[in-house]
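The values are calculated or read from the model by the stated rules, or taken from the named source; none is laboratory data. Only a predicted model underlies this, so the values are computations on that prediction, with no experimental measurement involved. Because the Cβ atoms are built from the backbone with ideal geometry, glycine has one as well, and the counts that use them run over all protein chains shown. To get the accessible areas, we keep the full protein, side chains included, count just its heavy atoms, and leave off ligands, DNA and RNA. Shrake-Rupley method; radii C 1.70, N 1.55, O 1.52, S 1.80 Å.
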Amino acid sequence: MARKIYYLLICVCCLRTASAQTIQSPSEFLGYPLGSQFTYQYHIVEYFKYIAQQSKNVKLVQYGTTNEGRPLIAMFIASDEHIGKLEDIRKNNLGLAGLNEGVSITNAPVIVWLSYNVHGNEPSSSEAAMQTLFDLVNPANTATKVWLKNTVVVIDPCLNPDGHERYVNFYNSVKGSAPDADPSSREHTEPWPGGRVNHYYFDLNRDWAWQTQKETQARVGLYNSWLPQVHVDFHEQGYNSPYYFAPAAEPFHKDITAWQKEFQTTIGKNNAKYFDKNGWLYFTKEEFDLLYPSYGDTYPLYNGSIGMTYEQGGIAAGLAVTTRMGDVVTLNDRIAHHHSNSLSTIETASANAQKAVDEFKKYFDNSRTNPVGEYKTYIIKNDNRDKINTLAELLNRNGIQYGYGIKSTAPGYNYITGKTEQCDINTNDMVISAYQPKSVLLHVLLEPKTFVADSNTYDITAWSLPYAYGLQAYGLKEVIKPVPQKTVNAGPQAVPVKQHAYAYIAAWQSVNDVKFLAELLKKNIKVRYAETPFEAGGKKFGAGSLIIARAGNNNATFDDDVNSIAMTTSRELTPLTTGFVDKGVDLGSNFIKYIHPPKVMLVTGDDVSAESMGEVWHFFDQRLDYPVTLVNYKNMGRIKLGDFDDIIFPEGNYDDFPSEKLQNWVRDGGKLIAMGSAVGQLAGKKGFDIKKKDKDTVKNKPEIKFYEDRDREIIKSSVPGAIYKLNLDNTHPLGYGFPKYYYTLKLSDDIYSLLGDGGWNIGTIKKDAYVSGFVGQKSREKIKDGLLLGVQSMGRGSVVYIVDDPLFRSFWENGKLLFGNAVFMSQ
């Protein structure tokens, strides 16, 4: 009997071994040749789950879900020796970075992280991810076995499942039995909004540092718990372009190290070896720079990794497309190229594993002991608890350490005045020392002026967080050690006010107050605001302060309802027992205005910038939880506009705008909020006072230009994201809650003449308003002495002009209060 059991065990082992030797390839598992059709995301997940069941050298992790409920997954692949010690390897790696005092491992493996398909309509990389995974776990693949002896590989097959499915569903619904390679065929033209973006139409590849989106928060949380030595972000570009891989183009941020540049080149040369062997075209050192900190290459670079972007020609290529050269690019080609560079990168990392790990440790050692940058301490004044707490949340997500101040004074660079002045440090102020592991990322995110060595950059060139959050800050060359705290002192918190109040007063100074107002209005609680400052109950209240009076709200649950909402939104209420104020107008004055709960329409569709519209949609849906109705612009002729109070036109190019019907709606009491290029389309139109500012009258003499300098000539009129300081009329409802200035992120040189008697010039700009970022010579001459924020009365309604995007990528935090004013206050 014992002998029979023995033989049975032998048979079972043999069967398991045979099974391990016959792991199915993606083509075998899916039931069709890889590259013959696009794979739905759930099939990709099924294949990864299948490999997790079949291979003992992997660990599958679901780290989150998308807005539409699809899983976000990552697969860890390692050798027999390392797969059971992944947690120890992770802790050791964080220990090398000075972020953990965990275990120590001799000859620790290099960690290579491969991220695929962050843009949903660039799906070839997700296909390549499956093939790369198979090659790493295939027992017959001797080369990858060698690499895994000193390498842990992480594969995230699809960073944007919602966008991926939007594209694949579109393509599969229009393709025939065979692909049509003619670029003019409908299968090469996506419908609005396209698959590039996520559910809320955000570009996830520009959200790494800001983490405004659900997918990014989950992914970067996992990423920061590991901090790999090498990270690759796989993309596609226009199908007429050949393949791009590192080394990257100028400008490089000055804090990128010599090793990071050098190893990019090493990896690039190995990639080129395989492309050369196959006769595949490629280019390097062009177009894709390393400056903006929220990309899938720069964010890892500022976190000690070798961050790189790989770009395959293929957007809108479908299964096959004919290029301008007459070549046909197929999905098979695109998969092959991404697959080759996936393996080539792992091979190079493995060949240089010890050096990569040593340089990684050196990077963080230097950060803790000899940080980069002019300033060794940053002081963020705690003048607005909501804004500083929101900043603290961002720092926490990025692993940047901070604490409290000790009452003292020190000279520092004043972000507002641009001068070195004495800084009074209080115990509630946020103090951030540069002597910490995440010092480089800290410096990049907080530096007041970004040095741009080469102006021909791919994205915005200014993003300094104190300006983005509207916080007073100082950069100190002196080292000040913060008092360690888990959170910044948030100040007084909301507590229930158990009494029968005549009215409750709430401040108006952040987007959290807008959220509080939205909740009150949804519960049908009548709210008013003060047009002028006043004093009551021993406190001072600024213009815009919310007044929730019992008058008109006289029901049995009034006090409980108001206090419950205040507790939920962490708002502090001041109860008043009388409407007779100590100073200023009484609560029944005509200077106290009623806030009508607006029914809001947001314009969408083919004429609209999907990302601009998505920012507004996300703001209402996720930040305020306030209802907004999305209407396709082409359907507005059939909509009863009188049912709406506000209509928001995001960045876009609209036909027949503004229509007579829309103008009549405004005159009848509607509020039109125009953003970006929508403002430009109203300029000069009958009934609208907004006019483009005349160009400089100085005549430009013709000059000889060289063809090779054509790109340089273009950028003379370029504004790829720069910060300007506006003079703000904070006595107008559009400026409530702000000081007499506002920092705007300019993405164009659009500027308008001041409005006449029928309008209010709320945000104006002077010739010395430039703060930070690249601005072309011609554009800099143009952006001065004009209007960027204005309100025009039109009949019984109004038009709000917002030239620059206050919700840009949802990271320009200070603009959210401004936009809240436009929607709720500016009536």
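Check which residues have an amide H placed less than 5 Å from ILE315's amide H, if you skip close sequence neighbours.
GLN237, GLY238, TYR239
Report, to the nearest whole %, how much of the accessible area of the chain belongs to carbon and sulfur atoms, 1.4 Å probe, protein only.
50
Using every Cα-Cα pair within the range 532-669, state what percent have a distance larger than 20 Å.
So the portion of pairs separated by more than 20 Å is 63 percent.
Would you mind getting the accessible area per residue of the range 742-826, heavy atoms of the protein chains only, 1.4 Å probe, in Å²?
30
Could you sort out which of LYS381/LYS539; LYS91/LYS149; LYS214/LYS362 sit more than 30 Å apart by Cα distance in this structure?
LYS214/LYS362, as the Cα separations exceed 30 Å there.
In Å and on Cα atoms, what radius of gyration and Dmax does the range 367-430 show?
In order Rg, Dmax, the Cα atoms of the range 367-430 give 12.6, 33 Å.
Which percent of Cα-Cα pairs in the range 113-174 sits in each 5 Å bin, short to long?
Result returned by the calculation: 4, 18, 22, 18, 14, 10, 8, 4, 1, 0.
Take every DSSP beta bridge with both residues inside the chain and express the antiparallel ones as a percent of the total, to the nearest 5.
65
Compute the Kirkwood hydrodynamic radius of the range 81-240, taking the inverse of the mean of 1/r over all pairs of distinct Cα atoms, and give it in Å to one decimal.
Over the range 81-240, the inverse of the mean reciprocal pair distance is 17.9 Å.
Could the peptides 646-653, 590-597, 170-177, 537-544 be put in order, highest first, of the mean number of other beta-carbon atoms found within 10 Å of their residues?
Result, highest mean first: 646-653, 537-544, 590-597, 170-177.
Assuming R0 = 35 Å, can you tell me the calculated FRET efficiency for the pair ASN107 and THR265, based on Cβ-Cβ distance, to the nearest 0.05?
My answer for the efficiency is 0.85.
How far is helix 214-224 tilted off the main Cα axis of the chain, in degrees rounded to 10, range 0 to 90?
60
May I ask you to work out the translational diffusion coefficient for the range 769-827 at 10 °C, viscosity 1.306 mPa s, via Stokes-Einstein with Rh from the Kirkwood sum over Cα pairs, reported in whole µm²/s?
117
For the range 70-141, what is the accessible area per residue in Å² when the probe is 1.4 Å?
In whole numbers, the range 70-141 has 28 Å² accessible per residue.
Could you check how many percent of all C-alpha pairs in the range 282-349 are farther apart than 16 Å?
Here the long-distance tail beyond 16 Å is 61 percent of all Cα pairs in the range 282-349.
Only residues of the range 725-749 count here: report those whose backbone N is under 13 Å from the spot 7 Å along Cα→Cβ of PHE591, or say none.
Counting backbone N atoms under 13 Å from the label point, the list is 731-732.
Do any trypsin sites (Lys or Arg not before Pro) in the range 628-682 lie in a DSSP loop with no more than 10 other beta carbon atoms within 10 Å, and if so, which?
Filter output for the range 628-682: LYS640.
If you find the alpha carbon centre of the range 605-655 and of the range 155-204, how far apart are they in angstrom?
Between the Cα centres of the range 605-655 and the range 155-204 lies a distance of 23 Å.
Would you kindly calculate the mean projected area, averaged across all directions, of the convex hull enclosing the Cα atoms of the chain, in square nanometres?
So the Cα hull casts an average projection of 42.3 nm².
For LYS766, which lysines qualify as cross-link partners when the Cα separation must be under 19 Å and same-chain residues fewer than eight apart are set aside?
Qualifying lysines at Cα under 19 Å: LYS419, LYS691, LYS692, LYS693, LYS695, LYS725, LYS740, LYS746, LYS778, LYS782, LYS784.
For the range 347-403, compute the orientation-averaged projected area of the C-alpha convex hull (one quarter of its surface), in nm².
The directionally averaged projection comes out at 5.8 nm².
What does the charge count near GLN237 come to, summing +1 for each Lys or Arg and -1 for each Asp or Glu among other residues with Cβ under 9 Å from its Cβ?
Computed value for this residue: -4.
Are there trypsin sites (Lys or Arg not before Pro) in the range 305-371 that DSSP puts in a loop and that have at most 11 other Cβ atoms within 10 Å, and which ones?
Those that pass, being in a loop and sparsely packed, are ARG324.
Mind checking the range 394-426 for trypsin sites (Lys or Arg not before Pro) that DSSP puts in a loop (not H, G, I, E or B) and that have at most 14 other Cβ atoms within 10 Å?
LYS407, LYS419
With all protein chains present, calculate the accessible area of MET75 using a 1.4 Å probe and round the result to the nearest 10 Å².
About 0 Å², rounded to the nearest 10.
Counting Lys and Arg as +1 and Asp and Glu as -1, what is the net charge of the other residues whose Cβ lies under 15 Å from the Cβ of GLU447?
Once all neighbours under 15 Å are counted, the net charge is +3.
Apply the a/c threshold of 1.5 to the C-alpha gyration tensor of the range 298-394 and tell me whether it is rounded, prolate or oblate.
It is oblate, given that a/c is not under 1.5 and a/b is not larger than b/c.
Please list, or write none, the lysines whose alpha carbon is within less than 22 Å of the alpha carbon of LYS640, excluding same-chain residues fewer than 8 places away.
Partners within reach: LYS599, LYS661, LYS671.
Sorted from largest down, what three extents in whole angstroms do the Cα atoms of the range 561-632 have along their principal axes?
Principal-axis extents of the range 561-632 (Cα, largest first): 54, 29, 18 Å.
Using each residue's phi in the range 722-736, evaluate 6.51 cos²θ - 1.76 cosθ + 1.60 at θ = phi - 60° and report the 3J(HN,Hα) Karplus result to the nearest Hz, with x for Gly and Pro.
Values, residue by residue: 9, 9, 10, 9, 8, 7, 10, 7, 7, 8, 8, x, 5, x, 4 Hz.
Tell me the per residue accessible area of the range 259-333 using a 1.4 Å probe; a whole number in Å² is fine.
Value returned for the range 259-333: 37 Å² of accessible area per residue.
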